[in-house]
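Here the structure comes first, spelled out in structure tokens, and everything after it is commentary.
The values are calculated or read from the model by the stated rules, or taken from the named source; none is laboratory data. All figures in this text were calculated on a predicted structure; none of them were measured in a lab. Cβ: placed from backbone, ideal geometry, glycine included. Neighbour counts: every protein chain shown. When the accessible area is computed, the model is the full protein with side chains, heavy atoms only, and any ligands, DNA or RNA have been set aside. Shrake-Rupley method; radii C 1.70, N 1.55, O 1.52, S 1.80 Å.
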Amino acid sequence: MTLNDGEWQSQARPSPGASAESEQVFSGLGVAPGIAIGPVFLREGGDLCPVERHVAAEQVSGEQARFDRAVTTARKQLGKVRAQAERLHGAAAEELGYLLDAHLQMLSSRSLVTGVHARIAERRVNAEAAVMAEIERIAEGFAAVEDSYLRARANEVREVGRRIVRNLMDAPIQGFAGADPDSIIVAEDITPADTALMDPQQVGGFATVLGGAEGHTAIMARSLGLPAVLGIPHLLRAARHGQTAIVDGSRGTVVLNPTAERLARYHRRQRELAREARALEHLHDLAAETRDGVRVTLGANLELPRELAPAVRAGAENVGLLRTEFLFMNRDTVPEEDEQYDSLARIVAGMDGRTVTIRTLDVGGEKLVTALGEQYTDTLNPALGLRAIRLSLRARELFIPQIRAILRASAHGPVRILLPMVTSVHEVREVRQIVAGVHAEMREAGCAVPETVPPIGAMIEVPGAALAADALAQAADFFAIGTNDLTQYALAIDRAEERVAHLYNPLHPAVLRLIQFAVAAALRARIPISVCGEMAGDPRYTPLFLGLGVRDLSMAPGALPRVKQRIRQLDVAAATHRAEAIMDQADSGRIAALLDDFNG
Ligand code: PEP
Ligand code: MG
């Protein structure tokens, strides 16, 4: 028997009028535009195969603690899904809520917890094996009773066991190798690391229960050009493997089993979108220049090496943000310097003389990488914890090899080093010292690195950094504004959390003032400043940025043509005028209206 999220949710009664055969339409957060049509690939369908291992007496308490942590994680996961379910109405909410409560209860059951602890201690087996055995014992107890209601709980017990084992194994992350072409991936959650495994030839788009609009999963979907809708509470309950689905990432709609009429309509819309994209191709050879002759630089954000070719094809003038997290994803060990160098050098060389801004490792918060284990990231408040540049400065064993790899890669073309989540000038100065030391050592050892150290810049993505931008501009060689985190931290809204996604608003006057402040500081100090958060790729915001004085934008490669088109229609004098009017407003609704009015 296969035990998976899809299955336990499908045990729930379908809501009136909905069956697996009839059309069902869902709304969620449309995070990556476009339309995908294809067969559903229900994620997490495969069985986990934990191996039984003998553990030594001194490892017993460690194994038990590992189990406890996996249970805590499972509780958090179920809590999140439970909260999502509360957004439903009527019978569906009740039913799903009931099931999830039952799972939560089982997680806390004394018989499970003490049973697993005892098994680890007495039989000296690893936590995975102990959980599987203990779960089977409890499930068989349920399966043997006459009462059909209690018998049905055997499956739920096994499902809870699978969740714990998956957490214990840190189970990354099945690939999507078995998926048919154009599959629509449907899952409870998809991590950024999962999206890195998606081959756009095979995966058409995806839809999930969890996830916010500006989390990294959303960003990766946009970068890969995969239509995606996140945050649909009862999706798994309804979806069946192999049935036809439509993901409309522009409208935030998912349709399961569409009617022939709707299917035909969406196919037509897909053809229209392809025509529109072709119509933008001529922009490739035209400059990003406004009607009044102001030149704007348009760069690409890269998350994966395979985005390099689309970026070059889309006419990117540089890589304004290379997120190096990709090197650390979907693996159990940290990549060595040589491996990092190979990857970075390929991208730098591939840009053929155009600058590549390489950001040092930005993990922590929602960006977890399994290779680092829990030692750095197991914290109560991960968004504010040991992450990004703080982690690099603490964990020199991670940072120095990365800096060496970047310096070696910079022999292949112009490179800048960008530091994530900077909050103070000390961090920039400390990095400068480290980089200078590493560079001197490498030169002395005869390594092929350029004579001078690349420019070192700071992300402006923490409100404190924006407010202290004048001082930072004395320490940093350039700024890159990260509007995703800047919005998250200014408004205290988790960018990856679907329940507060409606409050995430980069047009909040607080966010705009921080942007304005940072831009003005950079212009005063005469250091380059760019915007590389997701706002940069939305043509709606282009006049605002130009009006505030920004002349350098970096975005997902797929967004470049539309932003360039918008720039070519704009008059900077008029945009500046409108930006001034916008900066006088205290209400984000009014700001949005002023912007929309300007965009016509
Ligand atoms: C940002 O925060 O806006 C940004 C560009 O960095 P990331 O999305 O990788 O956190
Ligand atoms: Mg950021």
Among the residues of the stretch 461-481 satisfying the criterion of being hydrophobic (A, V, I, L, M, F, W, C) and under 30 Å from THR208 (Cβ atoms), which is farthest from ligand 1 (Cβ to nearest atom)? VAL462
If I filter the stretch 304-313 for residues that are within 16 Å of ligand 1 (Cβ to nearest atom), surrounded by 13 or more Cβ atoms within 10 Å (Cβ to Cβ) and not aliphatic (A, V, I, L, M), do I get at least one hit? yes
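Each row is one residue, and each column tells you yes or no for (1) at pLDDT below 75; (2) more than 20 Å from ILE164 (Cα to Cα).
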| position | (1), (2) |
| --- | --- |
| ALA18 | yes, yes |
| GLY38 | no, yes |
| ARG43 | no, no |
| GLU52 | no, no |
| ARG66 | no, no |
| VAL71 | no, no |
| GLU86 | yes, yes |
| GLY90 | yes, yes |
| ALA93 | yes, yes |
What are the residues in the stretch 453-472 that are surrounded by fewer than 24 Cβ atoms within 10 Å (Cβ to Cβ) and closer than 16 Å to VAL431 by Cβ, if any? VAL453, PRO454, PRO455, ILE456, ALA471
What residue, among those in the stretch 482-509 that are within 19 Å of ILE582 (Cα to Cα) and touching a residue at least 40 places away in the same chain (Cβ under 8 Å), is farthest from ligand 1 (Cβ to nearest atom)? PRO509
What number goes with the only condition from (1) away from ligand 1 (no atom under 16 Å from the Cβ); (2) open to solvent by 10 Å² or more (accessible area, probe 1.4 Å) that MET442 does not pass? (2)
Considering each residue of the stretch 254-295, count those that are without any contact (Cβ under 8 Å) to a residue 12 or more places away in the chain, within 21 Å of ASP182 (Cα to Cα) and open to solvent by less than 60 Å² (accessible area, probe 1.4 Å), and give that number. 2
From the list ALA440, ALA466, ALA436, ALA471, which one is at pLDDT 95 or above and either in contact with a Gly (Cβ under 6 Å, 6 or more places away or on another chain) or within 16 Å of ligand 2 (Cβ to nearest atom) (or both)? ALA466
When you go through (1) away from ligand 2 (no atom under 16 Å from the Cβ); (2) part of a helix (DSSP H, G or I) one by one for GLY353, which number turns out not to apply? (2)
In this structure, is PRO455 under 21 Å from ASP587 (Cα atoms), in the same structural domain as ALA345 (by TED's automatic domain parsing) and modelled with pLDDT of 95 or more? no
What number of residues within the stretch 476-509 satisfy the criterion of being closer than 21 Å to PRO382 by Cα, in contact with a Lys or Arg (Cβ under 9 Å, 6 or more places away or on another chain), charged (D, E, K, R) and open to solvent by 20 Å² or more (accessible area, probe 1.4 Å)? 2
ARG390: within 14 Å of ligand 2 (Cβ to nearest atom), surrounded by fewer than 23 Cβ atoms within 10 Å (Cβ to Cβ) and in a helix (DSSP H, G or I), yes or no? yes
Residue in the stretch 126-144 that is nearest to HIS54 (Cα to Cα), counting only those that are surrounded by fewer than 19 Cβ atoms within 10 Å (Cβ to Cβ) and hydrophobic (A, V, I, L, M, F, W, C): ALA133
What number goes with the only condition from (1) farther than 22 Å from LEU512 by Cβ; (2) part of a strand (DSSP E or B) that ALA458 does not pass? (1)
Within 16 Å of ligand 1 (Cβ to nearest atom) and open to solvent by 20 Å² or more (accessible area, probe 1.4 Å) - does that describe any residue in the stretch 403-418? yes
Can you spot a residue in the stretch 235-253 that is in contact (Cβ under 8 Å) with a residue 24 or more places away in the chain, part of a loop (DSSP other than H, G, I, E, B), within 29 Å of LEU210 (Cα to Cα) and among the charged types (D, E, K, R)? yes
How many of the residues in the stretch 356-387 are touching a helix residue (DSSP H, G or I) at 6+ places or on another chain (Cβ under 7 Å), away from ligand 2 (no atom under 16 Å from the Cβ) and at pLDDT 80 or above? 1
